[in-house]
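The values are calculated or read from the model by the stated rules, or taken from the named source; none is laboratory data. Note that the structure is predicted; figures quoted are calculated from it, not measured. Note that we place each Cβ from the backbone using ideal geometry, even for glycine, and neighbour counts take in every protein chain shown. Please note that ligands, DNA and RNA were not included when accessible areas were found on the heavy atoms of the full protein model with its side chains. Shrake-Rupley method; radii C 1.70, N 1.55, O 1.52, S 1.80 Å.
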Amino acid sequence: MTSETLEALGVSIDEAFFLLGAAILLIEIAKGLLTGSMKGRTFLDMVASISTQIPALAIEIGLLFSGYLLFSLLADSLVTWTLPLDTWVIVAGVVAADFVYYWEHRIAHQVRVLWTQHAVHHSSRYMNITTSIRFGPLESVWSLACHLPLVFLGFPPEVIFFGIIVVLAYQTWIHTELVGQLGPIEGILNTPANHRVHHGCDAKYVDRNYGGIFIVWDRLFGTYQREEETPRYGLVRDFDSVNPLRVWFSELPGLFRDLRKARSMSDVWTCLMAPPGTYPPSTHSGPNQTTPGTAQRGAQVAIPDKAP
């Protein structure tokens, strides 16, 4: 297989899932209008989700092009064990990209500075296809950094980027309430039911089901949760804005506020790198408080001072 053929295949897969998502969206809208559940606020939330593509695409086009050049440069200059561009390597590349996505995704939930970008995706109180394209403008920076080690495993850059495209394209159709549970498939693939759990802010659903295509990673690493009842979607903290600008930058004001209150480099490190919702006591005038099960979705959780 040539690089051009692989690129064309990636485009075709992306377009196929886009069309599938568009079909589901039309059904969602029709159902909402017929049942009366499609309110004005629901529509505005969908517009806010779509609007996130403005800053995301403006940055992502240049970033992905630069990332591909960097991956190619490293592969050409430092890697002498490049795998052949054949079917088995491409399949392995998709599986590897999905494995990387699991950890990329999981870490983005655990590190506040990364969460400022990924929280955009979780900030909707609704679950529909438009949520699948609700992205923070700088999410691709972290994604590229996480996939860089695949270059040193010998995967050609075009295979790595093909894997990234396939993993993201697949997830378009799972952002919906139209599809119920799918039996045994639920234990292997990421499905709408599995992914609804991931978007839930109920205590038992928070920080579960990180997988992209395969849900087996969650089963292997202890983060799987079956959908038991319809989740309450969105952030744990009280955020329900349909203002595009507030959606784009929802977590940044709180981060900047805590950084301004930081009294030491240790405080700065905690503000940036600790789990979302964690802050050093020096940035909080009240007593230390811990809210179990909410740290990863924006609830404020104080931590004790650490010994030097």
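Here the peptides 78-84, 251-257, 149-155 are ranked by packing, the mean other Cβ count within 10 Å, and the order with the highest first is 149-155, 251-257, 78-84.
Ellipticity at 222 nm from helices only: DSSP H runs of n ≥ 4 in the chain, each -39500 (n - 2.57), divided by the residue count, give -17500 deg cm²/dmol. In this calculation the C-beta distance from Ser266 to Ala145 is compared with R0 = 22 Å, giving a FRET efficiency of 0.35. On full extension, the segment bounded by Arg219 and Val91 gains 44.0 nm, given 0.36 nm per residue less the C-alpha separation. In a simple Cβ point-charge model (Lys, Arg +1; Asp, Glu -1; nothing else charged), the chain has a dipole of about 1240 debye relative to its Cα centre.
Dimensions of the range 154-289 along the principal axes, based on C-alpha atoms and rounded to the nearest Å, stand at 51, 43, 34, largest first. Packing, as the average of other Cβ atoms within 10 Å across residues, places the peptides 170-180, 91-101 in the order 91-101, 170-180, highest first. Among the protein heavy atoms of the chain, carbon and sulfur supply 68% of the accessible surface, probe 1.4 Å, non-protein parts ignored. Max-minus-min Cα coordinates of the chain on each principal axis give 62, 58, 37 Å, with the largest extent listed first.
The amide H of Phe214, built 1.01 Å from its N in the peptide plane, has Asn190 as neighbours under 5 Å, considering only residues 5 or more places off or on other chains. The magnitude of the dipole of the range 38-178, with charges of +1 and -1 set on the Cβ of Lys/Arg and Asp/Glu and taken from the Cα centre, is near 600 debye. Between the range 241-260 and the range 122-181, the alpha-carbon centres lie 23 Å apart. Based on Cα contacts under 8 Å between residues 6+ apart, the range 158-246 shows a relative contact order of 24 percent. Summed over the residues of the range 1-158 and divided among them, the accessible surface reaches 50 Å² per residue at a probe radius of 1.4 Å. Normalised by the number of residues in the chain, the average gap of Cα pairs under 8 Å and 6 or more apart makes the relative contact order 21 percent. For Arg41, neighbours were defined as the other residues whose beta-carbon sits under 13 Å from its Cβ, and their charges (Lys and Arg +1, Asp and Glu -1) total 0.
Considering only Val197, Gly154, Gly222, the residue lying farthest towards the positive end of the dipole of the range 140-247 is Gly154, judged by Cα position with unit charges set on Cβ.
Among 213-225, 186-198, sorting by the average number of other beta carbon atoms lying within 10 angstrom of each residue, highest first, gives 186-198, 213-225. Taking the square roots of five times each eigenvalue of the Cα gyration tensor of the range 102-209, the equivalent ellipsoid has semi-axes of 24, 18, 13 Å, listed largest first. Placing dummy labels 7 Å off each Cα toward the beta-carbon, the span from Glu7 to Leu178 is 3.3 nm. In this entry, the range 4-136 is assigned a mean projected area of 10.4 nm², taken as a quarter of its C-alpha convex hull surface.
Counting only complete DSSP H runs, which helices of the chain cover 27 Å or more along their long axis at the Cα atoms and score a mean Kyte-Doolittle of 1.0 or above?
Details: long enough: 3-35 (48 Å, 1.26); 53-78 (36 Å, 1.47); 87-110 (35 Å, 0.55).
Span-like helices here: 3-35, 53-78.
With coordinates expressed along the principal axes, the C-alpha atoms belonging to the range 2-47 extend over 50, 17, 6 Å, beginning with the largest.
With a simple spin-label model that places each label point 7 Å from the Cα along the Cα-to-Cβ direction, the separation between Leu26 and Thr80 comes to 5.6 nm.
Length gained on full extension, Asp14 to Ile54, computed as 0.36 nm times the residue gap minus the Cα-Cα distance: 12.5 nm.
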